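Following: one structure in structure tokens, then a few remarks.
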Amino acid sequence: MGANDAVRIIEDIGQYLPQMTEWRRHIHANPETAFEEVGTAAYVVQRLRSFGVDEVHEGIARTGVVGVIHGRNGPGGAAIGLRADMDALDMQEGTGLPWASRNAGKHHACGHDGHTAMLLGAARHLARTRAFDGTVYVIFQPAEENEGGARVMVEEGLFERFPMQAVFGMHNIPGIPAGHIAVKAGPMMASYDMFEITITGRGSHGAMPHKGIDPIVIGAELTQKLQTVVSRNVDPIDPAVLSVTKFHSGSAWNVIPNEAVLGGTVRAFDTRVQDLIESRIRELCAGTAASHGAEIHVRYERRYPPTVNHAEQAALCARVAEALVGSDRVNRDPRPAMGSEDFAWMLLSKPGCYVWIGNGTGSEGGCMVHNPGYDFNDGILSTGAAYWVKLAETALAQA
């Protein structure tokens, strides 16, 4: 894992920066959301075939793609997977850039366009040089945002079809200096649970509230009660978030509606905390319903588990990152984030590691993800692709 190897990879990958930038901006301008990434997948397949990868598999989890790249000695030996997500978000872009979204209400506001371009750049280099033993699977995953494309890929036999010893992921993070890398063993991202609470009261005239059971008043009371779950039931040492993010009810000035619907999200790093929060939500809803004579139905779904890195693979990724960008640009003890990542499903099935790469600070890459003004920083494409290459060559040299 010498410095000369890192310099060689960075210089070689740097030659691809204009092409990677072109790929990234094409994908950005043509965003597609969960399980609809038909054009994006076709673009990825076309690129992979032009690189001369050994096999290209389509239609995994509907729009997912896996490329197979064998090392210098051909098939056989150890294997690893490198994963990028491809989907955009259902939101309007506000950047005004020349490569801004052409699809109204769709925006690559989380940088998955950049993740895809970086892995394409790595695939091109790995297919050309094959400076490793064994096999690299490049995994282009659909539907990371909300719909759990990683879970679907696993359920459809990703790891049976493409047997690998470990799997690795990467995500850009605004606010971290461009090209810096953060990685640690243990939790990196929180779980993602969602809840929907339907309150059924009894509608009445707005001037005669005593004739009804007002679901809006009940919903307001319940919203306040839910704020006590984390503050008064969860151990202060255990990180947790409960946010009510939706409250829908009513359609007329003078009608107390029959129904109100609340919705929100829960985040945690520990299954015990998830269990506690779900239980308290259900108890509060049952008690509130009884006290008002209403009916309350709770739908609670555990969408993504926590993203937890395995110690051996995290140590490997940290060493690779330090060899590539220098130890002063690698954070080995980042604070975990309360956001979530469906790569967690892959880490439940295989050892692996998920790292953050800095998108930049201030006006250069510092706009937070899921913001109308966000754009991926093309300046980090080479670093991200070089990290993938160095990781593959190092992991498969050790195997």
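The values are calculated or read from the model by the stated rules, or taken from the named source; none is laboratory data. Just so we're clear, the structure is a prediction, and the values are computed from it rather than from any experiment. Neighbour counts run over all protein chains shown; Cβ positions are idealised from the backbone, glycine included.
Of all residues in the stretch 240-264, count the ones that are buried (at least 19 other Cβ atoms within 10 Å of the Cβ) and within 20 Å of VAL308 (Cβ to Cβ). Within the stretch 240-264, residues that are buried (at least 19 other Cβ atoms within 10 Å of the Cβ) and within 20 Å of VAL308 (Cβ to Cβ) number 1. Considering the stretch 57-71, the residues that are of a type outside the set (Gly, Ala, Ser) and in a strand (DSSP E or B) include one that is surrounded by the fewest Cβ atoms within 10 Å (Cβ to Cβ), namely GLU58.
Of the residues examined, ALA294 is one that is touching a residue at least 60 places away in the same chain (Cβ under 8 Å) and more than 29 Å from the chain's Cα centre (by Cα). The single residue among ALA34, ALA29 that is hydrophobic (A, V, I, L, M, F, W, C) and in contact with a Lys or Arg (Cβ under 9 Å, 6 or more places away or on another chain) turns out to be ALA29. Of all the numbered requirements in (1) farther than 22 Å from GLY149 by Cα; (2) surrounded by 23 or more Cβ atoms within 10 Å (Cβ to Cβ); (3) not acidic (Asp, Glu), PHE343 misses one, and that requirement is (1). State whether the residues of the stretch 328-335 include one that is modelled with pLDDT of 95 or more, outside any helix (DSSP H, G or I) and either aliphatic (A, V, I, L, M) or not assigned by TED's automatic domain parsing to the domain that holds ALA143 (or both). Yes, because at least one residue in the stretch 328-335 is modelled with pLDDT of 95 or more, outside any helix (DSSP H, G or I) and either aliphatic (A, V, I, L, M) or not assigned by TED's automatic domain parsing to the domain that holds ALA143 (or both).
Just one of the listed residues (ALA143, ALA127, ALA100) is crowded, with 19+ Cβ neighbours inside 10 Å, farther than 28 Å from TYR304 by Cα and of a type in the set (Gly, Ala, Ser), and it is ALA127.
Only one entry in ASP54, ASP90 is within 25 Å of MET164 (Cα to Cα), surrounded by fewer than 17 Cβ atoms within 10 Å (Cβ to Cβ) and assigned by TED's automatic domain parsing to the domain that holds GLU156, namely ASP54.
When GLY81 is tested against (1) in contact with a helix residue (DSSP H, G or I) (Cβ under 6 Å, 6 or more places away or on another chain); (2) among the small types (Gly, Ala, Ser); (3) closer than 28 Å to ALA323 by Cβ, just one condition goes unmet, and that condition is (1). Restricting to the stretch 185-209, and then to whatever is over 26 Å from the mean Cα position of the chain (by Cα) and hydrophobic (A, V, I, L, M, F, W, C), can you tell me which residue is nearest to ILE357 (Cα to Cα)? The residue in question is ILE199.
Of the set (1) closer than 30 Å to ALA315 by Cβ; (2) buried (at least 20 other Cβ atoms within 10 Å of the Cβ); (3) out of contact with any Ser or Thr (no Cβ under 9 Å at 6 or more places or on another chain), all apply to ILE281 but (1). Within the stretch 289-317, the set of residues being hydroxyl-bearing (Ser, Thr, Tyr) and under 12 Å from ASP193 (Cβ atoms) comprises TYR300, TYR304.
Each residue in the stretch 75-102 was checked for being closer than 30 Å to THR135 by Cα and assigned to a loop (DSSP other than H, G, I, E, B), and 7 of them qualify.
Which one is surrounded by the most Cβ atoms within 10 Å (Cβ to Cβ), of the residues in the stretch 353-383 that are of a type outside the set (A, V, I, L, M) and within 22 Å of GLY186 (Cα to Cα)?
Pass one, the stretch 353-383, residues of a type outside the set (A, V, I, L, M): 353-354, 356, 358-367, 370-379, 382-383.
With the extra rule that they be within 22 Å of GLY186 (Cα to Cα), the set shrinks to 353-354, 356, 358.
Details: CYS353: 29, TYR354: 24, TRP356: 21, GLY358: 24.
Only one residue tops the list, namely CYS353.
Taking the stretch 140-175 as the range and being in contact with a helix residue (DSSP H, G or I) (Cβ under 8 Å, 6 or more places away or on another chain) and under 23 Å from LEU17 (Cβ atoms) as the test, the residues that pass are PHE140, PHE168, GLY169, MET170, HIS171, ASN172.
Residue-by-condition table, conditions (1) assigned to a helix (DSSP H, G or I); (2) surrounded by 17 or more Cβ atoms within 10 Å (Cβ to Cβ); (3) of a type outside the set (Asp, Glu):
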{"site": "ALA41", "(1), (2), (3)": "yes, yes, yes"}
{"site": "VAL44", "(1), (2), (3)": "yes, yes, yes"}
{"site": "ASN73", "(1), (2), (3)": "no, no, yes"}
{"site": "ALA104", "(1), (2), (3)": "no, no, yes"}
{"site": "ALA109", "(1), (2), (3)": "no, yes, yes"}
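When the stretch 45-78 is filtered for residues that are of a type in the set (A, V, I, L, M, F, W, C) and under 18 Å from ALA392 (Cβ atoms), the ones remaining, listed by number, are LEU48, PHE51, VAL53, VAL56, VAL65, VAL66, VAL68, ILE69, ALA78.
Would you check if LEU391 is farther than 30 Å from ALA260 by Cα and surrounded by fewer than 16 Cβ atoms within 10 Å (Cβ to Cβ)? Taking the combined requirement at face value, the residue does not satisfy it.
I'd like the residue in the stretch 220-266 that is small (Gly, Ala, Ser), more than 25 Å from the chain's Cα centre (by Cα) and not in a helix (DSSP H, G or I) and, out of all such residues, is nearest to GLU278 (Cα to Cα). In this case the residue turns out to be ALA260. Condition check for ARG161 on (1) surrounded by 15 or more Cβ atoms within 10 Å (Cβ to Cβ); (2) of a type outside the set (Asp, Glu); (3) touching a residue at least 60 places away in the same chain (Cβ under 8 Å): one failure, at (1).
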